[in-house]
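Taking it in order: structure first as structure tokens, then the write-up.
The values are calculated or read from the model by the stated rules, or taken from the named source; none is laboratory data. If you're wondering where the values come from, they're calculated on a predicted model, not measured in any experiment. Here the Cβ positions follow ideal geometry from the backbone for every residue, glycine too, while neighbour counts run over all protein chains shown. The area values use the complete protein model at the heavy-atom level, side chains included, leaving out ligands, DNA and RNA. Shrake-Rupley method; radii C 1.70, N 1.55, O 1.52, S 1.80 Å.
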Amino acid sequence: MTDSTISFLDPEVQKCPYGAYRELRKDGPVYFDESCGFYMVFGYDEIRQITADPATFSSVTGLLLVKDTGEQEHLNKVFEEHGFLPVNTLVVADPPIHTFHRSLVDKAFNAIALKRMEAFLEITVGRIVDQFLGKGGGDFYTDVAAILPSYVIADQMGFSSDDFEKFRTWTDAVVAEANPNNTPAEQLEITRTICDLHQHISEKADYFLLNPRPCLLSDMVHADVDGQRLTRQELVSIFVILIAGAHDTTTSSLCSALYRLAKDRELQDRLRENSTLITKFVEEVLRFDSPVAGLFRRATCDTMIGEIPIAKDSLLMIRYGAANRDPKMFEHPDTFNIDRTNASRHLSFGSGPHTCVGNLLARAELRIAVANMLKKTREIRLKDGEASVSWLTQFIVYGPNRLELAFSPA
Ligand code: HEM
């Protein structure tokens with residue numbers, strides 16, 4: 001029997017859930033967490049089954065956005081009067097709406113756009129890393145990892161570098177919106193800031209309609225599927241979700257990558273000697289330290305996951321982090337090993353129709369940031385051993401939220 005005292009509400013389990021996965025997996029790939037009141041799915045195959053079938057396992061769970069009914073009604077009024085009422089899109093939508101929105105986003109996120117983003121990254125990462133190293137290191141989370149994802153999206157929305165700091169205020173509000181601990185007053189303030197962002201997106205969209213330029217927002221203003229374009233309300237909601245999806249995830253994986261490097265001098269030297277291994281390193285970081293610990297689905301009918309019956313309306317949390325350590329899929333899953341041949345089959349970007357829109361961009365951010373840090377240093381180390389790191393305590397995103405680094409320059 002497994003240890004029935006394990007709860008995913010426990011901050012220690014949230015900081016490092018891997019021991020809990022090992023223990024609970026002994027009883028099978030699906031576990032009902034009494035303290036949370038929903039199922040946790042740990043198995044690689046089972047998660048692929050769920051994510052491939054949005055008709056049975058819906059992404060419209062209401063859980064990521066909705067506050068209590070009275071408060072939500074008030075916030076919706078503020079959105080209607082000062083911005084745009086959010087619509088369910090992408091990560092919180094099902095077909096056919098999801099399919100329509102996703103086709104438009106995929107058109108804009110094409111190979112040309114990715115090249116453009118990589119060119120921006122080469123310059124911007126270089127500048128941010130130089131600043132970080134120039135001041136003798138410090139908290140990599142605050143000084144590098146939490147800045148970069150926001151700047152990339154700001155650039156892709158046509159904001160100039162003068163506006164990047166203002167854009168960070170909006171990013172912070174979008175990220176903070178999902179925090180269940182906000183007081184009603186805080187939530188109202190956040191909603192007003194997001195309305196300000198809505199207005200700016202809409203003004204830029206008006207401008208790009210007449211003056212197209214090479215950026216995602218402009219491309220999406222002009223994109224259509226069979227002649228159908230996005231309404232302004234849909235466009236604004238999609239960009240808010242892009243900002244939210246890009247931020248904590250990339251920040252967390254950048255920190256995990258630097259944490260793994262800082263702990264292993266030999267690995268650093270290997271990657272400095274042969275930079276083509278950086279791609280393998282990045283995939284193993286994504287597998288080993290899945291930035292998205294898990295996300296929700298709701299069963300739309302009575303169904304089965306493998307042998308396990310699941311009743312209609314049951315809530316499930318699919319734990320991507322657990323799938324990435326499933327011993328049926330990855331040999332010695334709890335060993336960090338950049339030489340494993342199947343690391344890139346991790347589920348850190350999900351799978352099925354909701355597979356991460358930004359996965360190639362995120363991979364590029366990781367590769368370029370790691371290459372920059374390695375090139376400009378002889379050694380990277382944790383400033384004060386394990387005391388240099390703090391870990392997030394929440395359900396959805398996993399990883400460090402403080403990472404004090406020291407280094408010897410190249
Ligand atoms: C290391 C960084 C990232 C990780 C680990 C990550 C992870 C994920 C995961 C697991 C999903 C699947 C959601 C589901 O199953 O319901 C997803 C979807 C999504 N991601 Fe990412 N993501 C990252 C970076 C980004 C970036 C940079 C962007 C935007 C530029 C982005 C935008 C999105 C969007 C819009 C979706 C929803 C796609 C849909 O529902 O069709 N993500 N991401």
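Miscellaneous remarks
- Taken over region 74-95, the residue count meeting the criterion of being within 13 Å of the ligand (Cβ to nearest atom) and open to solvent by 50 Å² or more (accessible area, probe 1.4 Å) is 3.
- With respect to (1) out of contact with any Phe, Trp or Tyr (no Cβ under 7 Å at 6 or more places or on another chain); (2) of a type outside the set (Val, Ile, Thr); (3) at negative phi, the lone exception for SER218 is condition (1).
- Within region 332-363, the residues that satisfy the criterion of being within 10 Å of the ligand (Cβ to nearest atom) and small (Gly, Ala, Ser) are SER348, GLY350, SER351, GLY352, GLY358, ALA362.
- Scanning region 311-353 for residues that are of a type in the set (Val, Ile, Thr) and in contact with a Lys or Arg (Cβ under 9 Å, 6 or more places away or on another chain) yields a count of 2.
- Test: LEU9 is without any contact (Cβ under 8 Å) to a residue 40 or more places away in the chain, among the hydrophobic types (A, V, I, L, M, F, W, C), crowded, with 20+ Cβ neighbours inside 10 Å and in contact with a strand residue (DSSP E or B) (Cβ under 9 Å, 6 or more places away or on another chain): no
- ILE278 vs. criteria β-branched (Val, Ile, Thr), buried (at least 21 other Cβ atoms within 10 Å of the Cβ) and within 16 Å of the ligand (Cβ to nearest atom): no
- Any hit, region 387-400, residues being closer than 20 Å to ASP269 by Cα, away from the ligand (no atom under 16 Å from the Cβ), surrounded by fewer than 20 Cβ atoms within 10 Å (Cβ to Cβ) and at pLDDT 95 or above: no
- Residues within region 46-60 that are charged (D, E, K, R) and within 11 Å of ARG297 (Cα to Cα), tallied: 1
Residues checked against (1) modelled with pLDDT of 95 or more; (2) not hydroxyl-bearing (Ser, Thr, Tyr):
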position	(1), (2)
GLU34	no, yes
ASP45	yes, yes
ASN76	no, yes
GLU81	yes, yes
THR99	yes, no
SER103	yes, no
ASN110	no, yes
PHE120	yes, yes
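- Filtering region 245-271 to residues that are surrounded by 19 or more Cβ atoms within 10 Å (Cβ to Cβ) and of a type in the set (A, V, I, L, M, F, W, C) leaves ALA246, LEU254, CYS255, ALA257, LEU258, LEU261, ALA262, LEU271.
- Evaluation of ALA145 against (1) more than 23 Å from LEU405 (Cα to Cα); (2) within 16 Å of the ligand (Cβ to nearest atom); (3) of a type in the set (Gly, Ala, Ser) (one fails), failing number: (1)
- Cβ pairs under 8 Å, 6+ apart, first in region 127-142 and open to solvent by 10 Å² or more (accessible area, probe 1.4 Å), second among the polar types (S, T, N, Q): LEU133/THR377; TYR141/THR251; TYR141/ASN401
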